[in-house]
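See structure below.
Every number here is computed from the coordinates shown, using simple stated rules; none is lab data. Because the structure is predicted, anything quoted here is derived from the model rather than measured. Don't worry about glycine lacking a Cβ; one is built from the backbone with ideal geometry, like all the others, and counts go over all protein chains shown.
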Amino acid sequence: MKVPLVINTYPISKFNSIVAGVLLFQGFYKPRIMAAIVLCLLTFSTAVLAQEVKPEETEDWSRKPPLVVPGKPGNPPSDAIILFAGKKDLDKWEHADGRPAEWKVKGKTMVVTPKSKDLQTKQKFGDVQLHIEWKTPDPKEDSHNDYGNSGVFLMGLYELQVYESYNYNNEIYYNGQAGSIYKQHIPLVNASLPPKTWQTFDIIFKAPVFNSDKSLKKPAYMTVFHNGILILNHVELKGPMKYQGYPEYEYHEAKLPLLLQEHKSRVNFRNIWLREL
Ligand code: MG
């Protein structure tokens, strides 16, 4: 593509005057030399003027965005993949060992069943926009370190923490509270709502890219809105979630299941949908 040259000619004209003035002042003024200089400068200015960008040159008609009908508040847009909107969607999920989903469904809500293990989608995904709603149970139900503990694992590897962080007296490290990339990034703010209240995560996830020799080409990135508030702004992920030790990337497939964590707490989920990017 031709790179348009964008130069305002006004400073050039001003520059011309200054040059002419300097030449005169230094006694270089001779009619023929001066005429040649003026001619050169005029030619240069005209050439620049000829390359001035027309408005239509910066109009991009190469890709017409497809029409998407936004959902009413609480509803997915027209091009979303619905992962959970009620009992009929439970068969889109399974446990890692292939067992059918054992988590309970109450109306349009999916509830973590303690000790049943994590749940993951049968379908695999890479780059996505993901919407998910969750609420933590009454804290009296939970014990230390399990206060509403769950997690949204993009590609089953990269954890956005679900936790009861409305009450500040829950002592957990800041990169382990709700909205953290677990043990990697502290959220910009704590946008948590009280326990037993529905909360939302809206996530933009960019999957890592690997070279043909399986080395890392580009890391993963995540942007997250918690209850509509930006809490993670295009943060670079250091690798898959690691509870003990430091994360580092290992080659994996370009698409992997979305996973929800079972961490003893009866966390509720609903209205889970995503758009592949
Ligand atoms: Mg967790």
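FRET efficiency for the pair K88 and Y243, taken as 1/(1 + (r/R0)^6) with r the Cβ-Cβ distance and R0 = 35 Å, rounds to 0.50. Neighbours of F201 by Cβ distance under 13 Å: Lys/Arg scored +1, Asp/Glu scored -1, total -1. Once the chain from K117 to D79 is taken as fully extended at 0.36 nm per residue, the excess over their C-alpha distance is 10.6 nm.
Once Rg and the Kirkwood radius are both taken over the C-alpha atoms of the stretch 78-191, their ratio Rg/Rh works out to 0.96. Taking a sphere under 11 Å around the Cβ of G156 and counting the other residues whose Cβ falls inside, with K and R at +1 and D and E at -1, yields a net charge of -1. With K and R counted +1 and D and E -1, the other residues having a Cβ less than 10 Å from that of H131 yield a net charge of -1. In the stretch 127-158, which residues have a backbone nitrogen under 15 Å from the label point lying 7 Å from S212's Cα in the Cα-to-Cβ direction? Backbone N within reach: none found.
In the stretch 81-276 the Cα-Cα distances spread across 10 Å bins starting at 0 as 9, 39, 38, 13, 1, 0 percent of all pairs.
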